[in-house]
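Okay, so here's the structure we're looking at.
The values are calculated or read from the model by the stated rules, or taken from the named source; none is laboratory data. All of these numbers come straight from a predicted model, not from anything done at the bench. Every residue, glycine among them, receives a Cβ derived from its backbone with ideal geometry; neighbour counts consider all protein chains shown.
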Amino acid sequence: MSRVAAAETSMILGETISRVLSRVNALSDVGPGWTRPSYSDLESAAHVIIEDEARRLDLDVRRDAAGNLFARMQGSDPQAVPLYVGSHLDTVSQGGAYDGQAGVAAALALVAALRAEGIIPLMDIVVTVTRAEESVWFPVSYIGSRAALGRLDREELQAKRVDTGQSLADHMRRQGYDPEAVLDATPPAPARFLEFHIEQGPVLHGAGEPYAIVTAIRGGLRYRSASIHGVWAHSGAAPREGRADAVVALADLIMAMDRVWAEMLGEGADLTVTFGRVDAAGPAHAMAKVAGTLEFCLDMRSSDVAALDTADARLRAEIARIEAERPGIRFDLGRQSRSHPAALSAAMADLVERGAAMRGDRPRRMLSGGGHDAAAFAAAGWESVMVFIRNWDGSHCPEEGMDEADLVRAVEAVHAALVGGGGS
Ligand SMILES: [Zn+2]
């Protein structure tokens with residue numbers, strides 16, 4: 001049995017989570033909320049804090065060529081498959097206090113508790129902090145984790161960061177990393193990956209449940225820079241007949257895709273359809289003008305690749321219809337980008353469930369709507385699982401709320417799974 005009582009373990013988990021969150025969240029660009037762009041000085045500074053925390057726990061700290069951080073607690077059996085536990089520290093612009101950092105704090109807390117208890121699990125536990133998880137900065141999914149896994153390609157290194165216009169390769173170099181070495185690196189042998197993360201949705205908060213086990217992560221099909229070309233005209237002089245109004249064409253497409261979404265849900269498909277940015281407010285647009293151009297983006301997500309393909313085919317059919325019905329209107333979807341849906345590990349889900357049962361919890365199993373590094377690990381053949389923590393007031397926004405006690409409870413479940421006989 002461990003040297004310290006369960007109450008003390010909870011206290012160590014709580015203190016570590018609080019301290020790490022407040023240290024990391026002291027780092028941000030100007031508010032509101034928290035902004036730590038991918039491959040920025042702020043993201044690097046946050047990684048330094050975790051490195052400092054890891055050294056205090058006497059972990060073996062290593063960074064790979066892309067700047068991902070791995071802090072290893074040696075297990076007792078070198079043959080046991082290592083368990084990587086972690087998340088990311090970059091944020092969207094004006095994001096929240098928990099997306100990413102909660103999972104990193106939880107990983108450190110788990111190891112801190114084991115250290116205090118004098119427990120050495122069978123397998124190595126590797127606190128993992130990825131770089132550049134938030135795909136708002138570069139139009140590439142899961143940059144850090146895919147780099148770690150040997151799955152980032154040369155073309156993706158040339159992707160430009162939206163605010164600086166500099167390439168991913170340049171940003172890596174500026175933070176002291178080596179894009180050429182990223183391409184040549186040998187990835188670690190597939191092991192196990194566990195990510196604690198806020199839900200970023202209303203399900204758990206609405207149901208009054210503190211945490212859940214994630215069984216799959218939705219993939220996405222995106223058009224990040226689509227546009228519509230019509231004909232500029234005077235708002236008072238151009239008759240309704242003969243107008244090629246880009247705003248009306250987009251409205252038509254949005255309503256059509258909302259119907260497609262409802263129909264596909266009715267047929268049992270898993271799908272979300274979101275037009276996240278609609279831009280008819282450039283310098284050429286004005287009150288007295290019929291809009292001759294418009295830019296937009298479209299984000300469709302599903303746990304099923306076939307559903308994404310169907311939605312994409314129906315999108316193109318609707319565009320063809322609108323172009324036929326509205327002469328002068330032409331859509332340009334621009335480049336398509338995709339992230340693949342990922343099924344997570346049933347065995348890992350069972351492991352977390354056993355630990356939860358030991359502390360009297362019965363977490364539900366659910367899908368993740370947002371993309372996460374766990375999807376990249378799963379795609380690379382790792383046994384991966386996520387534990388979602390209840391949150392409220394949205395996510396990717398300054399209001400993003402979470403109770404640290406919920407996170408402590410979820411880490412207790414994983415801790416129980418590891419030390420209570422479920423971790424071999
Ligand atoms: Zn995240």
Could you please give the count of residues in the stretch 142-161 that are in a loop (DSSP other than H, G, I, E, B), in contact (Cβ under 8 Å) with a residue 12 or more places away in the chain and more than 16 Å from the ligand (Cβ to nearest atom)? 7
Anything in the stretch 315-336 that is over 17 Å from R222 (Cα atoms) and surrounded by 13 or more Cβ atoms within 10 Å (Cβ to Cβ)? List them, or say none. R321, I322, E323, R326, G328, I329, R330
Right, E383: in contact with a helix residue (DSSP H, G or I) (Cβ under 8 Å, 6 or more places away or on another chain), of a type in the set (D, E) and within 16 Å of E353 (Cβ to Cβ) or not? yes
Test: D361 is more than 16 Å from the ligand (Cβ to nearest atom), more than 30 Å from G242 (Cβ to Cβ) and part of a loop (DSSP other than H, G, I, E, B): yes
Residue under evaluation E51, criteria (1) in contact (Cβ under 8 Å) with a residue 24 or more places away in the chain; (2) more than 19 Å from the chain's Cα centre (by Cα); (3) farther than 17 Å from M123 by Cβ, criterion not met: (1)
Criterion (away from the ligand (no atom under 16 Å from the Cβ) and either aromatic (F, W, Y) or closer than 22 Å to V92 by Cβ (or both)) met by exactly one of P139, P179, P187: P139
Against the condition at pLDDT 95 or above, surrounded by fewer than 24 Cβ atoms within 10 Å (Cβ to Cβ), of a type outside the set (K, R) and farther than 20 Å from G381 by Cβ, how does V92 come out, does it pass? yes
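Table: residues versus (1) without any contact (Cβ under 8 Å) to a residue 24 or more places away in the chain; (2) under 20 Å from the mean Cα position of the chain (by Cα).
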site: P190; (1), (2): no, no
site: L194; (1), (2): no, yes
site: G208; (1), (2): yes, no
site: Y211; (1), (2): no, yes
site: G219; (1), (2): no, yes
site: R224; (1), (2): no, yes
site: V231; (1), (2): no, no
site: P239; (1), (2): yes, no
List every residue pair whose Cβ atoms sit under 6 Å apart, with the two residues 6 or more apart in sequence or on different chains, where the first one lies in the stretch 369-389 and is closer than 18 Å to A191 by Cβ and hydroxyl-bearing (S, T, Y) and the second, anywhere, is more than 12 Å from the ligand (Cβ to nearest atom) and in a helix (DSSP H, G or I). S384/F377; S384/A378
Mind telling me which of the residues E263, E295 ends up being charged (D, E, K, R) and crowded, with 16+ Cβ neighbours inside 10 Å? E295
Does at least one position in the stretch 77-92 carry a residue that is within 15 Å of the ligand (Cβ to nearest atom), in the same structural domain as L13 (by TED's automatic domain parsing) and either over 21 Å from the mean Cα position of the chain (by Cα) or of a type in the set (D, E, K, R) (or both)? yes
Could you pull out the residue among A97, A54, A116, A71 that is assigned by TED's automatic domain parsing to the domain that holds S10 and within 16 Å of the ligand (Cβ to nearest atom)? A97
Looking for something crowded, with 23+ Cβ neighbours inside 10 Å and within 16 Å of the ligand (Cβ to nearest atom) - is there at least one such residue anywhere in the stretch 29-36? yes
Residue among G394, G334 that is outside the structural domain of V411 (by TED's automatic domain parsing) and either on the phi > 0 side of the Ramachandran plot or within 16 Å of the ligand (Cβ to nearest atom) (or both): G334
Of the listed residues (D270, D299, D258), the one being part of a loop (DSSP other than H, G, I, E, B), in contact (Cβ under 8 Å) with a residue 12 or more places away in the chain, of a type outside the set (A, V, I, L, M) and not assigned by TED's automatic domain parsing to the domain that holds I198 is D270
Every residue in the stretch 190-229 that is within 16 Å of the ligand (Cβ to nearest atom), in contact with a helix residue (DSSP H, G or I) (Cβ under 8 Å, 6 or more places away or on another chain) and outside any strand (DSSP E or B), please. E199
G369: passes all of (1) away from the ligand (no atom under 16 Å from the Cβ); (2) closer than 18 Å to V203 by Cβ; (3) touching a strand residue (DSSP E or B) at 6+ places or on another chain (Cβ under 8 Å) but (1)
